[in-house]
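Note sheet for the following structure.
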Amino acid sequence: MLTADTFRRGLGKGISVTWELSKIVVPVYVLVTFLKHTPALKWIAGFCEPAMRLVGLPGEASIAVVLGLFTNLYAAIGAIASLNLSPKEITIIALMLLITHSLPMETAVAQKVGVSGLFMTSVRFALSVLSGMLLNLIL
Amino acid sequence: MLDWSSFALDAARGSALNILIMAAIIIPIMIMLEAARDMKLLDRFSRKLSPVMRIFGMSSEAAFPLLVGIFFGIGYGAGVIIEAARSGRLSWKDMFLINVFLSVCHAVIEDTALFMALGANPLVIVAGRLVMAVVITYLAGCSKFTDHYQRKKISGGRIRAG
């Protein structure tokens, strides 16, 4: 049954997600924008360029990938928002990170269900790289 | 030399703009998700999906928890899975395969909305995740390893949900 309460709950959840998102996206956005104004981002980008090129991403996207893998999607979103990526690059990094993210937390969850965390992590990482390479060819 | 004023302007303007775009997308999406939940759309959909579950080596009971995880995320999904497991409706294999599928493909509405706000193509990311999840779940469902693991789990008497 749809009631006014449905709407109120949805609105409340939307606002709470936006708030949780802001608490992470804003600091990460500020940090990455800071790096962009210093030579540091160029060094990191240059170092990661060869590996990132395999999936059609520029070197600086490695910051978003590392944040997504080891912390969570919100942090990766903050970094992607600050970097100037093309729509194709954003689609590639989005699919890769959606398949594999928040590894420390999700590995723990997998282990609780009785599935090997290391096994699941390796499978997801491989799928993520594979889909990045495929999208780079298709798009 | 670092240009502090241009950095401060970029950081403030950019983060405010991004948060606004995300709020504009995520708030209506959350309202629609709550409406779908109250209309029990997934209950109806999961009945239609039962025959498909057999292809993956899952029971028809697994359809509902799987759909909840796909659309609403692991948080909601885990609650439904634990509930179904406690009442004995899910086998270990069901739970294992739900877990495999959801590890790649969960909370598709919310996650996709957030990346759409950044400029990603929503169709490509939803289809990409679905295809990858279907492939690995199918492989895991067919694999002898899964059956072997299931016998070991059941004889060990340690079926855990979570």
- Task: Please give the average number of partner chain Cβ atoms lying within 10 Å of the Cβ of each residue in B:22-29, rounded to a whole number.
- Result: 5
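On average, how many beta carbons from a partner chain sit within 10 Å of the beta carbon of a residue in A:19-31?
Other-chain Cβ atoms within 10 Å of each residue's Cβ, averaged: 4.
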- Message: How much of the pair distance distribution for chain A lies past 24 Å, counting alpha-carbon pairs only, in percent?
- Response: 40 percent
- Note on the structure: One finds the C-alpha centres of segment A:30-48 and segment A:78-129 to be spaced, in Å, by 22 Å
- Task: Take each complete run of DSSP H in chain B, measure how far its Cα atoms stretch along the helix's own axis, and keep only those covering 24 Å or more with mean Kyte-Doolittle hydropathy at least 1.6; list them.
- Result: B:122-142
- Task: Ignoring ligands, DNA and RNA and using a 1.4 Å probe, state the total buried accessible area between B and A in Å², rounded to the nearest 100.
- Result: 4400 Å²
- Label-point separation (nm) for A:L134 and B:L17, each offset 7 Å from Cα along Cα-to-Cβ? 3.4 nm
- Query: Relative to the first principal axis of the alpha-carbon coordinates of chain A, what is the inclination of helix A:117-138, with its axis defined by its Cα atoms, in degrees from 0 to 90 and to the nearest 10?
  - Reply: 70 degrees
- Item | Reference-scaled alpha-carbon Rg (2.2 N^0.38 Å with N residues) for segment A:31-86 | 1.03
- Task: Using Cα pairs closer than 8 Å and at least 6 residues apart in sequence, work out the relative contact order for chain A, in percent.
- Result: 22 percent
- Note on the structure: Taking Cα atoms only, helix A:40-53 is inclined relative to the longest principal axis of chain A by an angle, in degrees rounded to 10, of 90 degrees
- Helix A:4-36: inclination vs chain A longest Cα principal axis, degrees, rounded to 10, gives 20 degrees
- Note on the structure: Stokes-Einstein D for segment B:21-116 (4 °C, 1.567 mPa s, Kirkwood Rh from Cα pairs), in µm²/s, comes to 93 µm²/s
- For B:C105, A:C48, B:C142, what's the largest-to-smallest order of accessible area, 1.4 Å probe? B:C142, A:C48, B:C105
- Item | Anchor B:K144: lysines whose Cα lies under 19 Å away (excluding residues fewer than 8 positions away in-chain) | B:K93, B:K152, B:K153
- At R0 = 45 Å, FRET efficiency that the Cβ-Cβ distance of A:E20 and B:S87 yields, to 0.05: 0.90
- Ignoring ligands, DNA and RNA, how do B:L2, B:L139, B:L97 rank by accessible area with a 1.4 Å probe, largest first? B:L139, B:L2, B:L97
- Message: Nothing charged except the Cβ atoms of Lys and Arg (+1) and of Asp and Glu (-1): what's the magnitude of the dipole of chain B about its Cα centre? Round to the nearest 20 debye.
- Response: 1020 debye
- Query: For chain B, what is the relative contact order in percent, using Cα pairs closer than 8 Å and at least 6 residues apart in sequence?
  - Reply: 24 percent
- How do B:D43, B:D38 rank by accessible surface area computed with a 1.4 Å probe, from largest to smallest? B:D43, B:D38
- What are the principal axis extents of the Cα atoms in the protein assembly as shown, in Å, biggest first? 67, 49, 34
- Item | segment B:1-73: C-alpha gyration tensor shape, a/c 1.5 cut-off, then a/b vs b/c | prolate
- Query: Using just the C-alpha positions of chain B as equal point scatterers, what log10 of I(q)/I(0) does the Debye formula give at each q in 0.13 1/Å?
  - Reply: -0.70
- Query: Relative to the compact globular guide of 2.2 N^0.38 Å, what is the alpha carbon radius of gyration of segment B:81-127, as a ratio?
  - Reply: 1.55
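The values are calculated or read from the model by the stated rules, or taken from the named source; none is laboratory data. Keep in mind that this is a model prediction, so the values were computed, not measured. Positions of Cβ are generated from backbone atoms using ideal geometry, with glycine treated the same way; all protein chains shown enter the neighbour counts. When the accessible area is computed, the model is the full protein with side chains, heavy atoms only, and any ligands, DNA or RNA have been set aside. Shrake-Rupley method; radii C 1.70, N 1.55, O 1.52, S 1.80 Å.
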